[in-house]
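Quick notes on the structure that follows.
The values are calculated or read from the model by the stated rules, or taken from the named source; none is laboratory data. Only a predicted model underlies this, so the values are computations on that prediction, with no experimental measurement involved. When we count neighbours, we look across all protein chains shown, and the Cβ atoms used for this are built from the backbone with ideal geometry, even at glycine.
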Amino acid sequence: MRYAKVMLIGWVSITLLLIAALIAIFSAADSTSTRALSAQRAANYVWQLPPGFPVPNVPVDNPMSEAKVKLGRYLFYDPHLSSDSSYSCASCHSPEVAFSDSRPVAIGVTGQKHPRNTQGLTNVAYYTTLTWANPALTSIEQQVLMPMFGETPVEMGMAGHEEAILGYFQRSNVYRQMFADAFPDEPDAINYQSVSMALASFSRTLISGNSPYDRYTFQGDQTALSPSALRGMKLFMSDALACSQCHAGFNFTLDTSYQGAPAVESPFFNIGLYNLDGKGAYPADNTGLAATTHRAEDMGRFRVPSLRNVALTAPYMHDGSLLTLKDVLGFYAAGGRTSPYQSELIKGFTLTDQDEQDLLNFLHSLTDDQFVNDPRFSNPFTITASEESP
């Protein structure tokens, strides 16, 4: 147990150093004049935001552009962005299930299992942190490097194959043009800085806001929610259940930021999912925030995921250990597993059968069918009649 914990802490530290080095290299490549030109082009970008939604934050060194979004979409679905050309970002982030993968934990290109459940990418543009328990990863540009180059666990397995993978994109006439269009100020645009920026730009467009809940709340459609879902919403917002204490705001998570919003400290909570030794222990490879802070009080603390499209993203929790939404409600009703590090918000409650069904109906009302079927977010390689394939 102690050995596994040391190995995990070591891996986290090495990973953070790797990311810091890569980001430093990327940042050094930007000139003042290039940033000014990019900012000028970004002013022409038009967000397609749902009613009631704010404009997401965007890094000043990676302003939005249609060309970057297009390139990012191709890269997101391209299996050549992996060690053996068999795995893409979409292998773990499928649009049909709100850009999650329906597995308890993710499985990488080598078949190795990730210790954690794949988070859906719904409204990722608004997140303040990008992983279950690493407060250092605060931008999508940083985060996309993890699955590409991480080795513990291996996800896309690109470490050691960097030149060969870039070579594929350099040989493609279509990709050469897309990279040039997306990064017109870069003389050699096909590099991993550009890859990360394009993927981040596409990811920021994955905004969901046309669920029945949205139509009721933001669009004035008083018929969008059933009487049962309305009762469930009232329960969800009640002090007795306290669901909305963590799953708050338009994005149903405290982990939310946008243009004009005050800065928020990224929240992490221990919900009492494990108490292996009677002293609050979690599995050695899944200790949450404690793996990076090394503080006992951070044992089992994880970020609060958004509940948007939650009915599509089973199984649940950071390790996929709860299979259904009904299981999740039962877990919270029981008050967790009584860990000494458990949040005081997890205190248990009583539900009648009708209460439970009402809550489930409300959670299902957060499903945005238009989002998961939006052609703007679909696999471009399956639309050969209208789009040129690399």
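Residues are listed down the side, and each one gets a yes or a no for (1) hydroxyl-bearing (Ser, Thr, Tyr); (2) in the same structural domain as Leu75 (by TED's automatic domain parsing); (3) surrounded by 15 or more Cβ atoms within 10 Å (Cβ to Cβ); (4) within 30 Å of Gly120 (Cβ to Cβ):
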residue	(1), (2), (3), (4)
Gly167	no, yes, no, no
Arg171	no, yes, no, no
Tyr175	yes, yes, yes, yes
Phe183	no, yes, yes, yes
Pro187	no, yes, no, no
Ser194	yes, yes, yes, yes
Ser203	yes, yes, yes, yes
*With the condition kept exactly as written, say whether any residue in segment 285-302 is assigned to a loop (DSSP other than H, G, I, E, B) and modelled with pLDDT under 95.*
yes
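Only residues that are hydroxyl-bearing (Ser, Thr, Tyr) and over 23 Å from Tyr192 (Cα atoms): list them for segment 98-117, please.
Step one: list which residues in segment 98-117 are hydroxyl-bearing (Ser, Thr, Tyr), which gives 100, 102, 110.
Ser100, Ser102 - these are the residues of segment 98-117 that are hydroxyl-bearing (Ser, Thr, Tyr) and over 23 Å from Tyr192 (Cα atoms).
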*Restricting the first residue to segment 59-72 and requiring it to be more than 15 Å from Ile190 (Cα to Cα), which pairs with a second residue that is among the basic types (Lys, Arg) and at pLDDT below 95 meet a Cβ separation below 8 Å and a spacing of at least six or different chains?*
Val60/Arg35; Asp61/Arg35; Pro63/Arg41; Ser65/Arg41
_Some residue of segment 128-136 being buried (at least 21 other Cβ atoms within 10 Å of the Cβ), modelled with pLDDT under 95 and aliphatic (A, V, I, L, M)_ = yes
*Tell me which of these Thr382 doesn't satisfy, since it passes every other one: (1) free of Cβ contacts under 8 Å to residues at least 12 places away in the same chain; (2) touching a helix residue (DSSP H, G or I) at 6+ places or on another chain (Cβ under 6 Å).*
(2)
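Please find, within segment 205-238, the residue that is surrounded by the most Cβ atoms within 10 Å (Cβ to Cβ) out of those that are of a type in the set (A, V, I, L, M, F, W, C) and not in a helix (DSSP H, G or I). Steps first, please.
Taking segment 205-238 first, the residues of a type in the set (A, V, I, L, M, F, W, C) are 206-207, 218, 224-225, 229-230, 233, 235-237.
Right, trim to not in a helix (DSSP H, G or I) and you get 206-207, 218, 224-225.
Numbers: Leu206: 21, Ile207: 23, Phe218: 16, Ala224: 17, Leu225: 21.
Per the criteria, the residue is Ile207.
Rundown of residues vs (1) among the polar types (S, T, N, Q); (2) in a loop (DSSP other than H, G, I, E, B), yes/no style:
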site: Ala133; (1), (2): no, yes
site: Thr138; (1), (2): yes, yes
site: Glu141; (1), (2): no, no
site: Leu166; (1), (2): no, no
site: Ala180; (1), (2): no, no
